[in-house]
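One structure is given here, and the rest of the page talks about it.
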């Protein structure tokens with residue numbers, strides 16, 4: 001098969017475009033791990049994220065959550081804490097298909113505060129885990145859901 | 001991409017901190033819902049990462065699944081921020097779409 005110059009340039013462009021796409025997707029995979037957000041029970045998810053670590057229940061974490069969420073599609077949460085040197089904050093919803101809702105990294109120049117809105121499939125515990133100084137702290141709160149989110 | 005930005009940013013300075021709130025227009029599809037007319041499944045489409053930067057310094061990176069509500073809302077508090085400082089919010093979703101917006105603190 002003979003390739004003329006025009007065809008060659010075209011091929012070259014396609015090749016370089018797909019190459020840059022490849023490297024691009026590699027970067028995003030490095031930051032966002034599918035395994036973190038896979039659908040399995042909460043315990044399995046916790047065991048995978050925090051292997052062989054003790055998660056202490058802490059009173060230093062304050063959650064502002066509705067006692068009853070009328071609509072599981074939008075559940076507002078506000079997290080504040082007096083724990084020092086917070087590095088990461090995780091939000092879990094116990095009975096969601098994917099228990100891990102979100103994880104945040106927090107720079108020291110941010111106040112220990114996060115506001116967000118998430119979905120809940122059914123009434124269950126919401127667990128917030130804070131990682132600080134290589135230690136884990138958690139706080140649980142039960143939320144009753146009247147109409148489930150997550151495709152319900 | 002759409003002409004209009006998907007990101008809205010509001011900030012308010014208080015004595016001890018600056019509150020930054022952001023609202024993003026995104027469907028956050030779980031992939032489990034079905035089209036009510038045709039019954040066909042709606043493919044998953046959700047934001048995976050969101051970053052908050054302040055004057056070029058990354059303050060927070062959020063990784064999320066489809067458990068975050070449709071049209072995601074987040075708020076943060078920056079300890080030290082002055083008028084004229086630049087806040088940037090950017091996101092990237094599972095289909096490779098992304099958006100970014102700058103905001104100047106008043």
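Which one, B:89, B:24, B:68, has the greatest fluctuation when you compute a Gaussian network model over chain B with C-alpha springs under 10 angstrom?
Maximum fluctuation in the GNM of chain B, among the listed residues, is at B:68.
Run the numbers on the stretch A:27-152 and let me know its relative contact order in percent, using alpha-carbon pairs under 8 Å that are six or more apart.
The value is 31 percent.
Report the paramagnetic label zone for residue A:78: residues of the stretch B:1-32 whose backbone N is under 18 Å from a point 7 Å from Cα along the Cα-to-Cβ axis.
B:10-23
Rounded to the nearest 0.05, what FRET efficiency do residue A:6 and residue B:86 have when you use their Cβ-Cβ distance and R0 = 51 Å?
Calculated transfer efficiency: 0.70.
So, in Å, what gap is there between the alpha-carbon centers of the stretch B:80-104 and the stretch A:64-126?
Distance between centres, Cα-based: 21 Å.
Can you give the mean number of other chain Cβ atoms that lie within 10 Å of the Cβ atoms in peptide B:73-86?
So the per-residue partner count for this stretch is 3.
Suppose a student asked you for the relative contact order of the stretch B:1-74, using Cα pairs under 8 Å spaced at least 6 residues apart; what percent would you report?
Worked out over the stretch B:1-74, it gives 28 percent.
Under a plain spin-label model, where a point goes 7 Å from the Cα along Cα-to-Cβ, how far apart in nm are residue A:34 and residue A:146?
3.9
Springs between alpha-carbon atoms under 10 Å, Gaussian network over chain B: tell me which of B:90, B:75, B:11 tops the mean-square fluctuations.
B:75
Neighbouring Cβ atoms within 10 Å as the yardstick, rank B:18, B:51 fewest first.
B:51, B:18
With labels modelled as points extended 7 Å from the Cα through the Cβ direction, what inter-label distance (nm, one decimal) is found for residue B:14 paired with residue A:109?
Label-label distance for residue B:14 and residue A:109, simple model: 2.0 nm.
Give the calculated FRET efficiency between residue B:79 and residue A:65 to the nearest 0.05, with a Förster radius of 25 Å applied to their Cβ-Cβ distance.
Using R0 = 25 Å, I get an efficiency of 0.50.
Largest first and to the nearest Å, give the Cα extent of chain B along each principal axis.
Principal axes ranked by extent give 53, 26, 20 Å for the Cα atoms.
Could you give the length gained on full extension between residue A:48 and residue A:135, defined as 0.36 nm per residue of separation minus the Cα-Cα distance, in nm?
The residue A:48-residue A:135 span can extend by a further 29.7 nm.
Rounded, prolate or oblate, given the Cα gyration tensor of the stretch A:41-145, with a/c below 1.5 counting as rounded?
Oblate, because a/c is 1.5 or more while a/b does not exceed b/c.
Once all Cα-Cα distances of the protein assembly as shown are split into 10 Å bins that start at 0, what whole-number percent is in each one?
For the protein assembly as shown, the binned pair fractions read 6, 28, 34, 20, 7, 3, 1, 0 percent.
Read-outs throughout are calculated quantities, based only on the coordinates presented, and are distinct from any laboratory measurement. Since this is a predicted model, take the numbers as computed values, not measurements. Cβ coordinates were reconstructed from backbone atoms using ideal geometry, including for glycine residues, and neighbour counts include every protein chain displayed.
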